[in-house]
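Here is the structure we will look at.
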Amino acid sequence: MALFILYWVLIALMLIGIIGAFVPALPGIGLIVTAVIVWTVLSPAATSTALVTAVIALILSLAVGYLATYFGAKSVGASSWGQAGAIIGLIVGFLGLLPALPLGGPLLGILLGTMMGAFIGEFLYRKELSLTERVTLSSKVSLAVVVSSLIGTLLEGLLAIITVIVFILTTWSTVGSPLPS
């Protein structure tokens, strides 16, 4: 009975982890991996398939999040200033709109902060260009950073969903019925 309840609590945590893979303010795949580790340690019938899948997904999600943004920015010629501006903008946007949480403030802040940070960073770095060229390039960098970041987030979410599906498929038969036989 206790194992059955634990299973559903862990599934609930994994669902929060899936949401967190899409929403930067919440824990994502790390929460899913933690739930899989708890199940692996506490369940006598646990297999390593779900754990290995979860760890691989965690490693891939860390790489995907960084590499998607990096290559997206580099594809339009972003400087390290534009990338640093995007990171600073993300933090400032998140924290600056945190009080507006019920209205989606931090999520909007992350998006707008990242865009504005990338734009300002790139604009400040490209002093050798004319004003029109600076604005054009900074706008491209800003848009590329946000689009590639969103693509990375979608890929991380997909990895989270796949991890939970593998967990359920490999553990469902081991849970048993909550009622004594």
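The values are calculated or read from the model by the stated rules, or taken from the named source; none is laboratory data. Because the structure is predicted, anything quoted here is derived from the model rather than measured. Backbone-built Cβ (ideal geometry, glycine too); neighbour counts: all protein chains shown.
Structural remarks
- Residues in the stretch 94-112 that are farther than 12 Å from S149 by Cα, surrounded by 15 or more Cβ atoms within 10 Å (Cβ to Cβ) and modelled with pLDDT under 80: F94, G96, L97, G105, P106, L107, G109.
- Total residues in the stretch 133-142, condition under 19 Å from S80 (Cβ atoms) and either buried (at least 21 other Cβ atoms within 10 Å of the Cβ) or touching a Phe, Trp or Tyr at 6+ places or on another chain (Cβ under 9 Å) (or both): 6
- Identification of helices (runs of 4 or more DSSP H) wholly contained in the stretch 1-84 with 1 or more residues that are touching a His at 6+ places or on another chain (Cβ under 8 Å), among the hydroxyl-bearing types (S, T, Y) and in contact (Cβ under 8 Å) with a residue 24 or more places away in the chain yields no element.
Every residue, every condition in (1) in contact with a helix residue (DSSP H, G or I) (Cβ under 6 Å, 6 or more places away or on another chain); (2) among the aromatic types (F, W, Y); (3) crowded, with 17+ Cβ neighbours inside 10 Å; (4) on the phi > 0 side of the Ramachandran plot, yes or no:
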| position | (1), (2), (3), (4) |
| --- | --- |
| L3 | no, no, no, no |
| I29 | yes, no, yes, no |
| W39 | yes, yes, yes, no |
| L51 | yes, no, yes, no |
| A54 | yes, no, yes, no |
| L58 | yes, no, yes, no |
